[in-house]
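Inspection log for the structure reproduced underneath, given as structure tokens.
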Amino acid sequence: DRLYLQDLTRGFNRFSLSDPFFSSAMATLEAIKYSRGKLLVLDQLRLPHEHHYDEVSTSEEAFDCIRSMRVRGAPAIAIVAALAHAVELQNGSCTATTPEEALAHIDSRLDYLRESRPTAVDLFNAITLLKTAVRAAEIKGLAHPEAKDAILTAYIKAAEEILAKDLRTNTSIGAHGAAWLKQQYNASLDHKISVLTHCNTGSLATSGHGTALGIIRTLHTDGLLKHAYCTETRPYNQGSRLTSFELVYEGIPSTLITDSMACALFGLHRENMNIGAVIVGADRVVRNGDTANKIGTYQLAVLARHHGIKFVVAAPTTSIDLETETGAGIKIEERKREELTQISGAVVNADGSVDTTKTARVAIADQRIGVWNPAFDVTPHALIDAIVTEKGAVVKGADGKFNFSQVMPERW
Ligand code: MRU
């Protein structure tokens with residue numbers, strides 16, 4: 001019942017799974033719990049101190065949940081938006097009497113949800129897929145008297161399939177990513193590699209397993225992972241609050257660093273820790289391979305290139321936007337100033353234990369300072385070695401260009 005975390009400077013830290021800190025959260029690590037007509041979403045603002053699910057039953061509640069980042073991560077955002085509308089349809093929110101009215105109702109709810117966050121393309125791709133699915137049902141359904149119901153049922157089934165498919169997708173990304181890295185480094189049980197990841201791309205950002213963190217999980221399961229490093233990921237701290245929580249939960253040997261320590265880590269420990277890759281997720285990969293991901297990703301790509309470390313993007317094909325040619329076309333979300341000037345966390349008692357019942361919001365900067373807070377940056381494709389999808393790893397050709405025809409032949 002114990003977890004061991006290796007701390008490079010001080011040996012191993014030992015945690016008991018019966019500590020109150022873990023016991024509330026250990027039951028399960030699922031961001032999204034769904035059964036037809038009911039959607040529960042883990043409030044990630046309260047993690048890792050509290051494990052609380054909100055019931056999300058309407059588009060408005062989903063919009064608020066996504067905008068406030070109680071749920072975040074490109075795939076999870078799309079899944080929650082799609083399923084929240086499925087729940088409200090299941091519960092009789094659509095008063096349309098004709099198929100045309102039903103389609104207009106669904107379109108308007110989806111167009112509203114589309115505005116919740118602007119950068120991750122998974123939500124936009126899910127909306128296109130759902131609109132197509134209900135139109136296919138309309139063509140079949142118009143011929144019989146239950147046409148409207150056929151449309152609503154088609155929506156619910158298509159939304160549920162997005163959830164189910166995401167888990168299969170993530171497991172495949174894990175397998176393809178681990179296989180690619182194994183081949184690059186001739187990794188084996190006797191020759192393991194260490195990796196660094198940024199932000200949170202795990203079970204909390206998806207329906208389960210995760211994308212970049214899914215590759216790390218698979219490397220660990222296959223006995224090929226020496227050590228995982230995760231960055232704090234300022235300002236929202238997805239790395240320290242969420243990824244470190246997932247790594248501890250999985251018993252993966254891991255160490256947390258601040259974003260500003262990556263260069264020192266590579267300089268000092270690249271060789272003795274055999275650091276082979278930076279593995280990150282994506283909010284949007286565009287046609288030439290430029291990738292928008294959590295702010296701080298671009299600087300890691302520059303550092304990785306300088307130190308001869310592979311830079312790997314893990315992205316389901318639902319995160320690929322072939323309509324946008326280059327990263328210059330990606331809208332980057334800017335968030336509120338308080339994310340930089342204030343921080344929230346649980347209260348630490350005088351003896352060093354964490355009081356999980358109390359959270360505090362603390363000012364950490366002069367509240368009058370000007371603030372620039374972009375949530376994402378764009379890593380140029382030139383700095384990316386591989387983009388790992390559920391259909392395989394895509395690498396650049398001799399012309400230095402990514403070509404997604406092998407993984408998305410129908411849209412390339
Ligand atoms: O602002 P967030 O937390 O939604 O940003 C999340 C990321 O940048 C992730 O890396 C990305 O969405 C991929 S999650 C599998």
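The values are calculated or read from the model by the stated rules, or taken from the named source; none is laboratory data. Just so it is clear, the structure is predicted and the values come from calculations on it, not from any experiment. Ideal geometry is used to build each Cβ from the backbone, glycine not excepted, and the neighbour counts take in all protein chains shown.
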Subset of segment 69-88, residues more than 7 Å from the ligand (Cβ to nearest atom), more than 19 Å from residue 36 (Cβ to Cβ) and surrounded by fewer than 24 Cβ atoms within 10 Å (Cβ to Cβ), comes to 70
Log entry, pairs with first residue in segment 345-359 being over 13 Å from residue 47 (Cα atoms) and without any contact (Cβ under 8 Å) to a residue 24 or more places away in the chain, second being among the hydroxyl-bearing types (Ser, Thr, Tyr) and surrounded by 12 or more Cβ atoms within 10 Å (Cβ to Cβ), beta carbons closer than 8 Å, six or more apart or on different chains, reads 347/359
Scanning segment 358-380 for residues that are within 16 Å of the ligand (Cβ to nearest atom) and surrounded by 15 or more Cβ atoms within 10 Å (Cβ to Cβ), the one nearest to residue 312 (Cα to Cα) turns out to be 379
Checked 120, 150, 137 against criteria (more than 21 Å from residue 34 (Cα to Cα) and part of a loop (DSSP other than H, G, I, E, B)); the one match is 120
Residue 291 vs (1) surrounded by fewer than 20 Cβ atoms within 10 Å (Cβ to Cβ); (2) within 16 Å of the ligand (Cβ to nearest atom): all pass except (1)
Matching residues in segment 15-38 (over 19 Å from the mean Cα position of the chain (by Cα) and modelled with pLDDT of 95 or more) number 4
By residue number, the members of segment 310-335 that are surrounded by fewer than 21 Cβ atoms within 10 Å (Cβ to Cβ), aliphatic (A, V, I, L, M) and out of contact with any Lys or Arg (no Cβ under 7 Å at 6 or more places or on another chain) are 328, 332
Of 103, 167, 163, the only residue that is within 16 Å of the ligand (Cβ to nearest atom), surrounded by fewer than 20 Cβ atoms within 10 Å (Cβ to Cβ), farther than 25 Å from residue 336 by Cα and in contact (Cβ under 8 Å) with a residue 40 or more places away in the chain is 167
Reported set for segment 298-309 where residues are assigned to a loop (DSSP other than H, G, I, E, B) and closer than 30 Å to residue 412 by Cβ is 309
Filter segment 229-283 for residues that are of a type in the set (Ser, Thr, Tyr) and in a helix (DSSP H, G or I); the one that is farthest from the ligand (Cβ to nearest atom) is 260
Here the residues within segment 44-62 that are part of a loop (DSSP other than H, G, I, E, B) and free of Cβ contacts under 8 Å to residues at least 12 places away in the same chain are 52
Those residues of segment 263-282 which are closer than 17 Å to residue 226 by Cα and surrounded by 17 or more Cβ atoms within 10 Å (Cβ to Cβ) amount to 265, 266, 273, 275, 276, 277, 278, 279
Discussion item. Please determine whether any residue of segment 48-62 is within 16 Å of the ligand (Cβ to nearest atom), surrounded by 21 or more Cβ atoms within 10 Å (Cβ to Cβ) and modelled with pLDDT of 95 or more.
Written reply: yes
More than 30 Å from residue 47 (Cβ to Cβ) and free of Cβ contacts under 8 Å to residues at least 40 places away in the same chain: does that describe residue 138?
yes
Pairing a residue in segment 117-129 that is of a type in the set (Gly, Ala, Ser) with any residue that is not in a helix (DSSP H, G or I), where Cβ atoms lie under 6 Å and the two sit 6 or more apart in sequence or on different chains, gives 120/283
Any residue at all in segment 321-332 that is more than 10 Å from the ligand (Cβ to nearest atom), within 20 Å of the chain's Cα centre (by Cα), under 30 Å from residue 191 (Cα atoms) and not basic (Lys, Arg)?
no
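Here is a yes/no grid of residues against (1) closer than 18 Å to residue 78 by Cα; (2) of a type in the set (Gly, Ala, Ser):
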position: 178; (1), (2): no, yes
position: 183; (1), (2): no, no
position: 200; (1), (2): yes, no
position: 204; (1), (2): yes, no
position: 208; (1), (2): yes, yes
position: 212; (1), (2): yes, yes
position: 215; (1), (2): no, no
position: 218; (1), (2): no, no
position: 227; (1), (2): no, no
